[in-house]
Each structure stands twice: as structure tokens, then as C-alpha cells.
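Visitor: Starting off with a structure, shown below.
The values are calculated or read from the model by the stated rules, or taken from the named source; none is laboratory data. The shown structure was predicted, so the numbers you read here are calculated from the model rather than taken from an experiment. Here the Cβ positions follow ideal geometry from the backbone for every residue, glycine too, while neighbour counts run over all protein chains shown.
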Amino acid sequence: MTAVLLGRRKATIVALALVGAALALLVLRFGSGPPAAQAASHREAPLIANDPPADITDFYMFRSTQAGQANKVDLIMDVIPFEEPSGGPNYYNFDPSVAYTFHVDNNKNGIARDVAFELRFTNEIRGAVNSLGLPLSYVGGVPPATGSVIPPITALNSPGLGLRQKYTITMITDGHRTTISPMTEKIAVPSNVGPRTMPNYDALAGHGMYNLGNGMKVFAGQRDDPFFIDLGAAFDTLNLRSPATDMLSGFNVNTIALEVPASLLTRDHHGPAETKQPWLGAYASTSRPEVTVRGEHGQSNSSHYVQVQRLANPLVNELIIGTKDKDRWNTLDPSKESRFLDYYENPRLALALSLVFGAPVPATPRHDLENALLKYGPTDPRYSELLRLNVSSPPGASWPNGRKPSDDVTDTAIQVVGGPAFAGAGDGVSTNDKVLPNVFPYLASPWDGRNRVHQNP
Amino acid sequence: MVTVAALAATVTLFSGVLRGSHSSGALAAAPTAPTGTGFVQTGTEDTAALVAGLQQRLEASPKDAEGYAELGLAYQQRARETGDPSWYPRSDRALRRALRLAPGNAVAVGGLGSLALSRHRFRDALALGRRSLRLGPANARTYGVIGDALLELGRYGEAFRAFDTMARLKPSDGAYARVSYARELLGRPDDAIAAMRLALVSATDQPEATAWTHVQLGKLYWSIGRVGPAARQYRAALSAFHGYPYAFDALAQVQAARGRLSAAVALENRAVDTIPLPQFVSQLGDLYRAEGNRAQARRQYELMDVIRRLLVANGVKTDLETALFDVDHGIRTGESVTLARKARALRPSIDGDDVLAWALARNGRCDEALGYSKRALRLGTRDALKIFHRGMIERCLGHRSAGDAFLRDALALNPHFSILWAPFAKKELR
Amino acid sequence: MKRLIFLAVAVAALALPALASAHPLGNFTVNRFSRVEVSGPRLYVRYVLDMAEIPTFQAGRINPHAYARRIARNAHLSVDDRAAVLEPVRTELAHPRGAGGLRTTRLEVILAGPILHGRSSIAYRDDNYKNRIGWKEIVLGAGAPSTSHELRAYPKNLLQSPLDTTSIVAMLEPGSGRDVVPSLSSGASLQAPDRVADAGFASLVGRSHLSLFVILASLAAALFWGAAHALSPGHGKTIVTAYLVGQRGTPRHAALLGLIVTITHTLGVFALGLVTLALSQFIVPDRLYPWLNLASGALVVGIGASVFWGRWRHRRAHAHGHGHHHHHHGAEADTSFRSLLAVGISGGLLPCPSALVVLLAAISLHRVAFGLLLILAFSVGLALSITGIGLVAVLARRTFRRLSFEGPLVRLLPAASALVILAAGLAMTVRALPRVS
């Protein structure tokens, strides 16, 4: 199987390598609007619009690997796939109508409603952009010759920061909502426009990292997407190569990173060393307000939200769940996963692997997959699709015991799904285009819009 | 003897500085893909690249049913972005090929459903939507197809339930926009605006969808006479999607309302020059007429006739629009009742009721017209044009004061509801 | 009459699920093609403009030389980074028939560029019709293949999107031969480009068959709709009735009238169809209709006037008191047949547009015989209705006569009916006049 130079990190990569089913999944994930307009006047609203701000690309949960922070757990979700760094003038923002939520189960019942953190954003048009009515989100470093002097954006209150997003964090414990540190103004870090507008982006991003007290930290803003694949080779009927060409290098994502003391999450409120209930199960979700035709006016912005997407383990949303059930799957709570068992027991990924590479895969039904992805252990009677972490394990544990940004989940996924014949599968693109830092928020600084490139490191 | 080296480059029509593509998985698959054709290039690269990626993939694996189904859907999106209806037959063939390869492919069946909607074959659309639902349950998009079809068939209760299901299954700009439309029909413009605003913040990706939503929101403001906010939405649509002809068309209405007819003509001409849709052409004719330019107005009305013949030849049933245009402009008045009756049979919605009522009234059959006008307003829709029609019918029946009340209501709701009829209504009330 | 269109569509749909794409890029595209080539030392651009039905209509009358000059202005050429002038030297214009019998436009222009002195770098950009949807193609070299065969045959492949090339950069070397201006297309290749993109089209028409039942049902429907159509306004009912009443027509006259209407209408449709096909590059049926309207209006006026004149003389003769109550049978029958013919022709002359659409659709589907049959059935239906109305008029008049209402009033009837005919003819003429221009 040395010829199998399959991807790493992300399950989607595998999907792409499997020429057949792969693109269809992506199409569904990233949208191919089928709406239609015609000569006539009946109102044709979009049927599927892409929804990247609600599109979670990755979810991570791990024990902090930063020195002196080992009693903390980090929760990270990435949204908005394939951000082209030069994508102005609006660039990339969180969606004010979306609730971004981390859900945690701490009593091993598979129902992740014990602890939750919800982030909501608001937009503000301000500063020079507002007063001058500029059709841009960000300006800065305008030389005096042009009339008005707008200094570069060096802080989150610089006048050139025209579109600014503030956000709130609410912790929900057993249905009880607590606003975290309401007095601290939290501002999302804008997209990296370029060196004239934002001469020191790292410093700017540093302003967007907030200590919330109680040992909590938060960051919301743009980061480099640790996503890479040799798509061109994959589409050339799997004409893979080494070294491969990463066609997705230089793309960014929007990240929400939250670091909290493990004791806030565990059932018995003890830290990693002391807790008797070290198992956590978690997922990330995006939700939008529920609106009905007959609903009252006030309900237009109701407090009742409908889950648009959920993500726990990589691979599941992209590869295991069949496209026709995806809308329903995304809406449901992970604890209802038993409805989709068939997808786990007869994974199409394994079928595709054996078709494309002719290698034997383990026989179905695949109870090993159920155990790995849906249960706390083989004897756990409840199926719930959660990312599970034993907080007592030493920092640095890898998926499926939690998941860190540097985990090579794709290789793991292929090895698990493909069985023994796929042990050792790997790919030619094995490094991210940027080095992942070992400090909060654990993802690299984003590519800037002016100097972005899309090539191998 | 010639060519030594050649390098052909595709050049986008408008410099594509706005909003680069970022969300299509196929984008990276086909970096050298042709940008396709469209009235605007900006921001449509996504779909163009998606189409190119799918085409490439299908060249390699021609038996890929899902690929053809997705291609069929992508072709429909191209039709939406470019305004070019010739994508529809392509979509039709791609979807049918998908079904030949995989009978019972829910995506392909649903795609044929939305295609039927575009071609105004609402009963077919409903049947296809339901079939798609049986084949692959719980798909929000399918509920959209079903709801749209039910709405045009005048089955409002069922349609609203389908929209609610859609919004519950997957809240999205499309779902919010449909809920907004339903609320508008129910005569709740403020709630409709609230839902459409939600659609707008949710439509953050595709420029076409964003622009569409801006225009719809603008039209909601327009429908209750709020010209300023409407104009702002139309301009926002243009900045989201450069050259968006629907926004030019809507802005032309705004300029006409402000009495700037030559500016309105110029804007409407931009819409028509980009894509000569019948509603643009007829409005341009009306604007020329209002300006007193009879020759140009007649030229546009003649073009309407040409377009109508082409649409019929292309299998698009636009009888409702055709009938309304004919009735409004006194063309073939005698035939228009028959035309409207047939159109209503195909599309028994409140619009069908309204056009038939108006056609009957213009032929002096006001007794009969009244019943249909009442049906047209049975949901309580606050549509100034329909209310105006009702007023004219009441007056025709000799109910002067009732008729005048309706005319006043229409003008109070939206003083500029029609280039043709709003001035007429004002004159009648004087 | 609208229903007949639906019938036509339905019939077409039997053979072809998607009749939809007569033009591969829609009915409002403006398609451009440039071939940059060298002949001897000189650079030439062969430019082809293909406008679909709607832009053709919008363009109105096209002056090929003015168009060529405009095309030259918006086609930018630079040689070795210096702007070069393109001069139109030849043009050729045609209006091939498009969907629904409408015209499309094919304009070919040869643009002469500069003389190349040795190997030169050239850049060519086409800015014509920048914001219009359409196929945009540029090729380099006289022999280079064109994906669309110079906008004659758009690719039939389902997986091909429209091309969108608007500029080209290349190195060119002057040739060794003489400077010969490239030739333009002519004849059939200019007149009838293959606009049909649908690969399945021909095979579907060839493969699927029409069952006997479908044919019979369609014919019956056409007959019925022809009859119904005659009852809609504007089909000479007034004239026919007035004529038969005024001229003391017999049932035989009514039947004859029906026959004449059938024959005239059928021939009219065929003739107009042929004219449309033959003259499609010069005349749009749209523009023909007002003239036909005018012609039938004038004909009716003529009939009305002659009948009135005859009546007038007749009455004066009576007034002179010869007490001669017998009609001049021989002479009267003669006049009556001639004017009968005229009335019939005026009733059938104006072909129903939908009948024309059926014919054109049938021709484009290679189902000419079936189309002719449908039109014949339609015409027969039309005639049956008119004959029926005529018979009712004749019988009604006889009933009145049997009731013996002989008197001055009834004697005035023929003159009055002649006046009605005259008025109807005048109305038709007046209505047709403003559209003829």
C-alpha cells in the first residue's frame, strides 16, 4: 500500500481522494445552489444557499499542552471553509444570526447538555468607514496626500476598523444561563487584509485574546486553516504523487477558541488530577433562529434556535452520513445517533477504499466504528456521536481521545475504517503551510490578503 | 506559417475585485476553469468553477449519477446567476441522465422539481417534490420545492406548513425568505420584513443570493410605500452583485416615483440591456409612455410580443404575466379573459384570481370580476395593485364610495404602486 | 387559438422532451467570434457576430457597414505594444431563421490590420457587447479549429459550458505569400447556421413515432379549435352574416363560403409559411401581419362598396317604378359568386398566427406532412363554424320572410348589410394602418 498516498488530517481529504462520492459530498457541504430564476415573476427564493458562517469545518477538544496550563481544556471550532485571504472588501465575519455553541456531556449519559458555552456576535459599522461612507470594511495607512489621514489598524478601536464584531459568551449549566465577564468588551479579530492596513497583525490579534477571569480565555477571529490536499492529483483519477502539491495552502478560517479550567467541565468540579469522572463528551454546533409563518412578530428574532450543523468527530458528517439524511442528521441531537447506525455499520468509506485500492477491509457490520465514535466504551448502551476526552490522560493525547489541531485524523480514520490493510497509509502533503503554535489559540496567524500564495510551504 | 506561441486568457467582464470565491470545494479542483458566461462575473466564479469541476469529473467517470444530479443543480444556479434560460434544458438533460444511471436518485428528482418550478409547471413540480421526499426524506430543499409549488397552486395552508418544516429542518436564507413571502401574503408586511432581514444576515455567501434578498427586502419596503429604505436595499444589492439587473429595474421604479423619468429610463435600459426579461421590457415601455415617447414605448411593447412567442416556443408558460400585460395595455382585450382564465387554471393562486378579475373588469364584466377579486384578497394580502383592482371593480359596479375607499387604501399603502395605474388612481380620486 | 399552440407544444413534446433550446445560448444572447490570422504580410481579423432573436429585434434594421465600423472600434489590437488600427474591408449580413419563425442575425466582417514586419507580439481584445450574455471565442490562425465552427454549431456536449474568451496574446510571423483578403461565408453556410445544440434532437425525431391515436386525436382537436377560433372576435363573422343576409344567400352559398374560407386559410398559412422561410432574412412575420391585415381590410371595403353600389342602382331601378319584382337571376348569381369568393377570401386570408407556429414547428421537427394535416383540420373547423353561422343567418332570414315582413324595411336590408360590410372593412383598414410602418 505504499502507492496509497492518501491525505491526512481531515476526513474530507479522504473523500476527495475517492473521486466518486467525494465531490458530491463537498458539493452538498459547500453548496451548489439549485435555485432557479426565470423570465416570470413568481417569487423564487434561493433553495440552497451556501451557509459558510454556519459551516463548521473542524472541532477540537484537548488538554492544554501549553506550559503551566495542564489543568485547562481547550475547545476550538473553525467555521467558513476555504477563506481566500484576498476576499475583500467584506472579508470574513461571524454571522450575527448564528449562535455558536460548544456542548459538553460530563456524566457519560451521551446527552451533551451538562455544560455549554454559547457565543453570539453583533455587527457595528463605525469609524472612518462609517463617517466617510466607504464601501470597504477596513482601511488604514492612507498617506496624507489623499486628503484624509487614516492611521493603520493597530488596535481593535482603530478608526479604520469599519466593520467590527463584538460578542458575548454565555455559559449554560443544566439550563441555567450565566453571562461570562459581561464587563469585558470582547471584539472579534478582523480578517488579515494586508500590511498597509494592518502592519502588525499578530499584535492586533493579540488584542483579541481575552482573559475572562476564573482561568478562562477566549479568542474569536481569523486563523490559518490547517487543511491541505493534493486535489489536482486526486481528481486525475487518483494520480497521487510525492511530493504532492497542496492546492489549499494559503486559505484561512474563522476560529472560536475557548480555554477553560477542566474543573468547570467535570461533573465533580475537580481538575484533571483529582476528578473521579474524567470523561467528557462534546460537540460544536451552529444554530439559527426558528421562524414560522404564523409566528408572532416578536418571534422573528425568537430565542428558540434550530441547530443548523453539528460537528464532533471528524469524518462523520462528511463521509459516514448519507447525503440524503444530512439535513435531518444536522438538526438532531447527537444522542439520537442510533437512527443512523446503518451508516456506521456499513461505511461507504470502507467500500470506496476497497473499490479504489482493491485492498480488503474488515467485514460488516462494523461495530468497531460504533464503539470508537458513538460510545464511551464497548459496554456503553447509548449511542451518541460525541468527541470524547479523558481529562486524566496526560496532555498530548491524540484523537480519538480528544483531538488537537496537529492530530493526523485522516490517517487514523483510514486506518480505523480501512482495517489492517491500511495501516501505514499516508500522503505526500504531510505538513501544514504554517507551523502550529503551542500556545493559545493553537492555530497559526492567517495569510494576509495582499501577499497570499497558494503553494507548498 | 503563423502561430508560434499563443496564450489565450479569459478576461472577466467586470474586474472581479469584489468578494473572491472561497466556499466551493471544486474551486481548487479546477483553477484554470473558464469563468463561464454571465451578466456579471463577480462572485459567480463559485458556481462556474463548480460546474467546471463537475464537468471535469464527469468526463472522467461518465457513469456517475450523483455527479450528473449535482451538475443539473449547478446548471440551474448558473441560470439564476446569468439570467440565461438555456441552462435549463442543459439542467434537464443532466438530471435525466442522472436518473437513467440511478433511477430513484432523490437529488435528481428534486432537481427536476425545482426545474419544473422555473418553467412554471407547478403541478409537475409538486409531484416531483413529493416523489423526491419519498425517495430521500427530510431534505429541507425538497420542502422548499413543494411549498413553492403549493403556493402557486393556491393551496396556502399546505404551502405554509411546508415552509415551516423547511425552516425547522434547516433555517437558511431560503427558508427565511419563504416564511417572509408567506407573511407578506397574509398581509403582515412588518413581520415579512423581519423575516427577510433575517434572511439577509443569513445570506452571507453567494453574491447572487445576497443581492436577491436585498431586492426582495427592498420590495417589501416599497410595498408599504417606504421609498427611501427600498432604494437603500436596491443599492446594497448592486454593491453585493455588480450589475444585478433586478436591482436596476427596481431602482428605475424608485426614480420614476421621484419623478425622474429620464433617470428611470436609463436605469431600466441597463436592466434590459443586460437581460431583456419581459417584466423589464414592459416596464421600460411604460416608462417611455409616461415620458411621452410613444414610438419607443411601442417598440418595447412589440418586443414583448416577440418575447412572448419565444417563451411559448421554449415551453415556458407565462400566461398570467402575458394576460396582465395585455389587460393593462388594452391589447387583445377580448381574448384576455380567455387567456386569464386559462392562466388561472394553471396557476390558481391569488395572483391568478386577481388577473382574471382585472381582465373581466376591463371587459365590463364586473359582476363576475368581483367574486375573483374577493378571492384574490382572501388572505388579507396588502398588495396595492390588487386593492386598486378591487376598487375599480367596485366603481364599475356603481359602488362609488366603496371603490374610492379601496383606491385610497391602495394609494395610502404605496403611492407609487404602478407606473401605469397609480397616477390614474390619483386622477380618479380628484 | 392559444390552445393550438399548446397542441403544437404537446405534439412537439411527444417527439422531444425539451424543445426548449432552439438557440443553445438562449434567445437573447449576442455571440462573438474572432479569428486572428495572417495573409501574406498583413494581419486580418475575421469577426463573426451572431445575435439571437431578441437582440435582433432590438437592433431593428441593421446597417452592416455601420456595425462593422463599430465592431472595429471596440476590437483592440496592439502589435509590439503599440495600438494598431483595424479597418473593416468586407461585410456580409444574413438573418437566419430562429425560434418561433423569428429572425436572427449573422454578421461577418473582415477587419484588416497592419502589415507585420517580422515576428511580432500581438495582443487582441474584443470589447464588443461587453455586458451581454453569449459565447465568446477567439482563435488564432487561418486553419485553427473553432469549438463552435465559427458560431455555426455550438457544442452539443452536455459537459461543455459556453466559452468566454475575450482576449488573446500571441507571437505572429508574417507569411510569405501575397496579401489576399480572406473570404467571407456565403450562401447556405451564411444563411442557416446550425443553431441547435441538442444532440438528442435529430435522433429523437427520427426514433419516436406518432401513434395513429395521437394523430387522430390531434386532428380532431385541431378541427374543434379551428371551429372555436372562428367564434372569437375578428374572424369575419359580421361580414359573412351581413353578406349572406344582404345578398339573399342560400344554404348552398353558405356551404360554398365555408369551402372558400377553408381553401384560402390553408393556402394562406402555407404561403405565409413559405414566405417566412424564404424571406426570413428580410422580413419578420410580425411585420407581414399588418400588411395582411391591411390587404384584407381593403378587400372587404371593396366588397362592401361594390355590393352597396349594386344595391343602390337596384333600388333606383325599383324607384323608377317598373314594378318589376323578379330578380335578374342569371346576372345576380354571377355577381353573387364573384363577391362570394371575395368575401370568403377576406375571411380566410388572414392566417391565424398559431396555425403558422404549428407549421413552422412541424417543419423544424421534420414533420411537415403532419403539420399540413393539422392546419387543414384547423381550417376545416374554421370553415364549419363560418358555414354554420352563415346557415343560421340564411335560415333566420327565410323565417322572417315566411312571416311575410315584406316591406320597405326589409327591402332596405340589403343596402344596410352592404353598409355594415363597408364599415367593418373600414374598421379593419383603419386598425391595420398605424401598424404598417
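Visitor: Among B:Leu356, B:Leu346, B:Leu320, which is the only one that is away from chain C (no Cβ under 11 Å) and in contact with a Phe, Trp or Tyr (Cβ under 8 Å, 6 or more places away or on another chain)? Break it down into steps so the answer makes sense when it comes.
Guide: Values: B:Leu346 fails: away from chain C (no Cβ under 11 Å); B:Leu320 fails: in contact with a Phe, Trp or Tyr (Cβ under 8 Å, 6 or more places away or on another chain).
Step by step, each of B:Leu356, B:Leu346, B:Leu320 is checked, and only B:Leu356 is away from chain C (no Cβ under 11 Å) and in contact with a Phe, Trp or Tyr (Cβ under 8 Å, 6 or more places away or on another chain).
Visitor: Among (1) more than 8 Å from every other protein chain (Cβ to nearest Cβ); (2) touching a Ser or Thr at 6+ places or on another chain (Cβ under 7 Å); (3) crowded, with 19+ Cβ neighbours inside 10 Å; (4) at pLDDT 85 or above, which single condition is C:Tyr154 missing?
Guide: Failed condition: (4).
Visitor: So, one more: I'd like the full set of residues that are touching a Leu at 6+ places or on another chain (Cβ under 8 Å), on the phi < 0 side of the Ramachandran plot and either surrounded by 24 or more Cβ atoms within 10 Å (Cβ to Cβ) or of a type outside the set (S, T, N, Q) (or both), limited to region B:358-382.
Guide: The initial filter retains those residues of region B:358-382 that are touching a Leu at 6+ places or on another chain (Cβ under 8 Å), namely B:358-359, B:366-370, B:372, B:379-382.
Checking which are on the phi < 0 side of the Ramachandran plot leaves us with B:358-359, B:366-370, B:372, B:379, B:381-382.
B:Trp358, B:Ala359, B:Cys366, B:Asp367, B:Glu368, B:Ala369, B:Leu370, B:Tyr372, B:Leu379, B:Arg382, listed by residue number.
Visitor: Checking A:Leu119 against (1) within 15 Å of A:Ile169 (Cα to Cα); (2) within 14 Å of another protein chain (Cβ to nearest Cβ); (3) under 15 Å from the mean Cα position of the chain (by Cα), which single condition isn't satisfied?
Guide: Unmet condition: (2).
Visitor: List every residue pair whose Cβ atoms sit under 8 Å apart, with the two residues 6 or more apart in sequence or on different chains, where the first one lies in region C:70-85 and is more than 15 Å from C:Ser121 (Cα to Cα) and in contact (Cβ under 8 Å) with a residue 12 or more places away in the chain and the second, anywhere, is among the charged types (D, E, K, R) and outside any strand (DSSP E or B).
Guide: From region C:70-85, the pairs are C:Asn74/C:Asp127; C:Ala75/C:Asp127.
Visitor: I'm told A:Tyr210 meets every condition in (1) part of a loop (DSSP other than H, G, I, E, B); (2) without any contact (Cβ under 8 Å) to a residue 40 or more places away in the chain; (3) touching a Lys or Arg at 6+ places or on another chain (Cβ under 6 Å) except one. Can you identify the failing condition by its number?
Guide: Among (1) part of a loop (DSSP other than H, G, I, E, B); (2) without any contact (Cβ under 8 Å) to a residue 40 or more places away in the chain; (3) touching a Lys or Arg at 6+ places or on another chain (Cβ under 6 Å), the lone unmet condition for A:Tyr210 is (1).
Visitor: Taking only region B:50-92 into account, find how many residues are polar (S, T, N, Q) and surrounded by fewer than 24 Cβ atoms within 10 Å (Cβ to Cβ).
Guide: Initially, region B:50-92 is screened for residues polar (S, T, N, Q), giving B:55-56, B:61, B:76-77, B:82, B:86, B:91.
Now drop any that are not surrounded by fewer than 24 Cβ atoms within 10 Å (Cβ to Cβ), which leaves B:55-56, B:61.
Result for region B:50-92: 3.
Visitor: How many residues does region B:223-280 hold that are in contact (Cβ under 8 Å) with a residue 40 or more places away in the chain, of a type in the set (A, V, I, L, M) and within 14 Å of chain C (Cβ to nearest Cβ)?
Guide: Of the residues in that region, 2 qualify.
Conditions tested, residue by residue: (1) part of a strand (DSSP E or B); (2) modelled with pLDDT under 90; (3) farther than 21 Å from B:Phe241 by Cα; (4) of a type in the set (Gly, Ala, Ser).
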residue: A:Ser86; (1), (2), (3), (4): no, yes, no, yes
residue: A:Pro89; (1), (2), (3), (4): no, yes, no, no
residue: A:Pro96; (1), (2), (3), (4): no, yes, yes, no
residue: A:Phe102; (1), (2), (3), (4): yes, no, yes, no
residue: A:Lys108; (1), (2), (3), (4): no, no, yes, no
residue: A:Ile111; (1), (2), (3), (4): no, no, yes, no
residue: A:Glu118; (1), (2), (3), (4): yes, no, yes, no
residue: A:Phe121; (1), (2), (3), (4): yes, no, yes, no
residue: A:Glu124; (1), (2), (3), (4): yes, yes, yes, no
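Visitor: Give me the residue from region C:124-134 that is at pLDDT 90 or above and not in a strand (DSSP E or B) and, out of that set, nearest to C:Ala170 (Cα to Cα). Show your work before the answer.
Guide: Keep residues of region C:124-134 that are at pLDDT 90 or above, which gives C:124-128.
Pick out the ones that are also not in a strand (DSSP E or B) and you get C:127-128.
On the way: C:Asp127: 18, C:Asn128: 20 Å.
My answer is C:Asp127.
Visitor: Which numbered condition trips up C:Glu137, out of (1) within 14 Å of chain B (Cβ to nearest Cβ); (2) over 30 Å from B:Pro278 (Cα atoms); (3) of a type outside the set (Ser, Thr, Tyr); (4) assigned to a strand (DSSP E or B)?
Guide: Of the numbered conditions (1) within 14 Å of chain B (Cβ to nearest Cβ); (2) over 30 Å from B:Pro278 (Cα atoms); (3) of a type outside the set (Ser, Thr, Tyr); (4) assigned to a strand (DSSP E or B), the odd one out for C:Glu137 is (2).
Visitor: Condition (residue is more than 10 Å from every other protein chain (Cβ to nearest Cβ), in a helix (DSSP H, G or I), more than 14 Å from the chain's Cα centre (by Cα) and not β-branched (Val, Ile, Thr)) applied to region B:113-122: is it met by at least one residue? Explain how you work it out, then say what you get.
Guide: At the first step, the residues of region B:113-122 found to be more than 10 Å from every other protein chain (Cβ to nearest Cβ) are B:121.
Those left that are additionally in a helix (DSSP H, G or I): none.
No - not one qualifying residue is present in region B:113-122.
Visitor: Within region B:323-331, does at least one residue satisfy the condition of being within 9 Å of chain C (Cβ to nearest Cβ) and either closer than 27 Å to B:Glu184 by Cα or part of a helix (DSSP H, G or I) (or both)?
Guide: Here is the first cut: in region B:323-331, the ones within 9 Å of chain C (Cβ to nearest Cβ) are none.
No - not one qualifying residue is present in region B:323-331.
Visitor: Can we say B:Glu59 is assigned to a helix (DSSP H, G or I) and at the interface with chain A (Cβ under 8 Å from one of its Cβ atoms)?
Guide: On the way: assigned to a helix (DSSP H, G or I): yes; at the interface with chain A (Cβ under 8 Å from one of its Cβ atoms): no.
The answer is no for B:Glu59.
Visitor: From C:Arg97, C:Arg106, C:Arg32, C:Arg61, which residue is modelled with pLDDT under 85, of a type in the set (Lys, Arg) and either buried (at least 22 other Cβ atoms within 10 Å of the Cβ) or within 23 Å of the chain's Cα centre (by Cα) (or both)?
Guide: Values: C:Arg106 fails: modelled with pLDDT under 85; C:Arg32 fails: modelled with pLDDT under 85; C:Arg61 fails: modelled with pLDDT under 85.
When all the criteria are applied, what remains is C:Arg97.
Visitor: Which one is surrounded by the fewest Cβ atoms within 10 Å (Cβ to Cβ), of the residues in region A:326-350 that are touching a helix residue (DSSP H, G or I) at 6+ places or on another chain (Cβ under 7 Å) and at pLDDT below 80?
Guide: It comes out as A:Arg348.
Visitor: Another one. Being surrounded by fewer than 20 Cβ atoms within 10 Å (Cβ to Cβ) and at the interface with chain C (Cβ under 10 Å from one of its Cβ atoms) is the filter; apply it to region B:296-314 and report the residue that is modelled with the lowest pLDDT.
Guide: Here the answer is B:Asp305.
This table checks each residue for (1) crowded, with 19+ Cβ neighbours inside 10 Å; (2) modelled with pLDDT of 85 or more; (3) under 26 Å from the mean Cα position of the chain (by Cα); (4) assigned to a helix (DSSP H, G or I).
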| site | (1), (2), (3), (4) |
| --- | --- |
| A:Thr286 | yes, yes, yes, no |
| A:Ser300 | yes, no, no, yes |
| A:Ala352 | yes, no, yes, yes |
| A:Asn371 | no, no, yes, yes |
| A:Thr379 | no, yes, no, no |
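Visitor: Also: If I filter region B:159-206 down to residues being crowded, with 24+ Cβ neighbours inside 10 Å, in contact (Cβ under 8 Å) with a residue 60 or more places away in the chain and within 8 Å of chain A (Cβ to nearest Cβ), which single residue comes out as nearest to B:Ala376 (Cα to Cα)?
Guide: Going through the qualifying residues, I end up with B:Gln206.
Visitor: Could you please give the count of residues in region B:225-270 that are of a type in the set (Lys, Arg) and either under 19 Å from B:Pro423 (Cβ atoms) or crowded, with 21+ Cβ neighbours inside 10 Å (or both)? Before the answer, list the steps.
Guide: Looking only at region B:225-270, we keep the residues that are of a type in the set (Lys, Arg), and these are B:226, B:232, B:235, B:258, B:260, B:270.
When the remaining residues are screened for being either under 19 Å from B:Pro423 (Cβ atoms) or crowded, with 21+ Cβ neighbours inside 10 Å (or both), the result is B:258, B:260.
Selection size over region B:225-270: 2.
Visitor: So which of C:Ser146, C:Ser121 is farther than 19 Å from B:Arg90 by Cβ, surrounded by 15 or more Cβ atoms within 10 Å (Cβ to Cβ) and either touching a helix residue (DSSP H, G or I) at 6+ places or on another chain (Cβ under 6 Å) or at pLDDT 85 or above (or both)?
Guide: Working: C:Ser121 fails: surrounded by 15 or more Cβ atoms within 10 Å (Cβ to Cβ).
Matching residue, one of C:Ser146, C:Ser121: C:Ser146.
Visitor: Could you tell me which residue of region B:57-90 is farthest from C:Asn131 (Cα to Cα), considering only residues that are modelled with pLDDT of 85 or more and among the hydrophobic types (A, V, I, L, M, F, W, C)?
Guide: B:Ala65
Visitor: So which of B:Gly72, B:Gly129 is in a helix (DSSP H, G or I), closer than 24 Å to B:Ile275 by Cα and either touching a Ser or Thr at 6+ places or on another chain (Cβ under 7 Å) or among the β-branched types (Val, Ile, Thr) (or both)?
Guide: Details: B:Gly129 fails: closer than 24 Å to B:Ile275 by Cα.
Result: B:Gly72 is the single residue among B:Gly72, B:Gly129 that is in a helix (DSSP H, G or I), closer than 24 Å to B:Ile275 by Cα and either touching a Ser or Thr at 6+ places or on another chain (Cβ under 7 Å) or among the β-branched types (Val, Ile, Thr) (or both).
Visitor: Now for a different question. Kindly list the number of the only condition in (1) modelled with pLDDT of 50 or more; (2) over 28 Å from A:Ser263 (Cα atoms); (3) not in a loop (DSSP other than H, G, I, E, B) that fails for A:Tyr60.
Guide: (2)
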